[in-house]
Amino acid sequence: MKQKCAEEAIKYVRDHTVIGLGGGSTVSILVGLIAKAGLSVQVVSPSTRTAALCVENGLPVVPTWMVDSLSVAFDGCDEVDADLNALKSGGGIHTNEKIIASMAENYMLLVDETKVFETLPFTHPVVLEIIPESKSYVEKHVKALGGEPVFRTSGAKDGFTVSDHGNYLLDITIAPPADLAAFHETLIHIPGVVDTSLFYHIASSALIAGTDGVRLLTRK
């Protein structure tokens, strides 16, 4: 299914453009297809792994700060709903992902049908990137919302896991909110929060791979 999804995605890549590539196995397949097709594109990526794969495949990677617009950007997600709101919880690079998504004429999610829901089930946590000084303050507000906050750690590093910007990552387990828009606004406006892994009204389309093929979903 991932191969079919990547084969469909390459149809949206225009020659001689700058594109965004996120993380995940489907994007990795897409990198190989772009290189094989000989398309002349430049790539920006929030993912070190994807950027390295592009270099290995001869695709030039440029720093995100040098770019202000993209023809298309592709990314994966953990959950997506019928309105293309999405949760991207695993990588902890959502701030950079949102910058790239906002620059794209078409921010396209590449997913399989098991990740698509009518409404987001919040099986995965919402991740906040927060300024270290706001740790206790943000924790208090998250608990007041009914969430269970856990700061991300790693066995490979003492202390908290930090983002590419040197900030903390706070995983929040919470029940699906009744009002997604209000929930998003509340989180994003807590002082100290840089950004969240809830992608509310950001994706413009999604390619959904299933046993019956790949279908295109566009935002209503």
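Read-outs: derived from the displayed coordinates by stated rules, not from any lab. A quick note: this is a predicted structure, and the numbers were derived from the prediction, not measured. Cβ sites come from the backbone with ideal geometry, for glycine too, and all protein chains shown count toward neighbours.
Helix-only mean residue ellipticity at 222 nm, the chain, DSSP H runs n ≥ 4 weighted -39,500 (n - 2.57), per residue, nearest 500. What is it?
Helices in the chain give a 222 nm mean residue ellipticity of -8000 deg cm²/dmol.
Could you sort the peptides 25-38, 171-184 by per-residue average Cβ neighbour count (10 Å cutoff), highest mean leading?
25-38, 171-184
I'd like to know how the chain sits against the 2.2 N^0.38 Å rule of thumb: what's its Cα Rg over that expected value?
Ratio of Cα Rg to 2.2 N^0.38 Å: 1.02.
Could you work out how far the C-alpha centroid of segment 5-76 sits from that of segment 108-146, in angstrom?
Centre-to-centre distance over Cα atoms comes out at 26 Å.
Please say if segment 31-136 is rounded, prolate or oblate, where rounded means a/c under 1.5 for a ≥ b ≥ c the square roots of the C-alpha gyration tensor eigenvalues, and otherwise the choice is prolate for a/b larger than b/c and oblate otherwise?
oblate
Among 2/143; 4/157; 11/115; 36/157; 2/157, which pairs are too far apart, with a Cα-Cα distance over 27 Å? Write down the numbers at each step before the final one.
Numbers: 2/143 38 Å; 4/157 38 Å; 11/115 22 Å; 36/157 38 Å; 2/157 33 Å.
Beyond 27 Å: 2/143; 4/157; 36/157; 2/157.
How big is D for segment 126-196, in µm² s⁻¹ as a whole number, if Stokes-Einstein is applied with the Kirkwood radius of its Cα pairs at 4 °C and 1.567 mPa s?
Rounded to a whole number, D works out at 104 µm²/s.
Rounded, prolate or oblate: pick one for segment 111-157, where a ≥ b ≥ c are the square roots of the eigenvalues of its C-alpha gyration tensor, a/c under 1.5 means rounded, and failing that, prolate if a/b is larger than b/c, else oblate.
oblate
Once the Cβ-Cβ distance between residue 114 and residue 49 is put in as r, and R0 is 25 Å, what FRET efficiency do you end up with, to the nearest 0.05?
Values: r = 23 Å, r/R0 = 0.90.
Here the calculated transfer efficiency is 0.65.
Within the chain, what's the longest stretch lacking GluC sites (Glu not before Pro) that sit in DSSP loops with no more than 14 other Cβ atoms inside 10 Å?
Here the longest segment lacking exposed loop sites spans 1-104.
With the cut-off at 1.5 for a/c, could you classify segment 3-82 from its C-alpha gyration tensor as rounded, prolate or oblate? If you can, show how the numbers build up before the last one.
Working: a/c = 1.37, a/b = 1.18, b/c = 1.17.
Judged from the Cα gyration tensor, segment 3-82 comes out rounded (a/c under 1.5).
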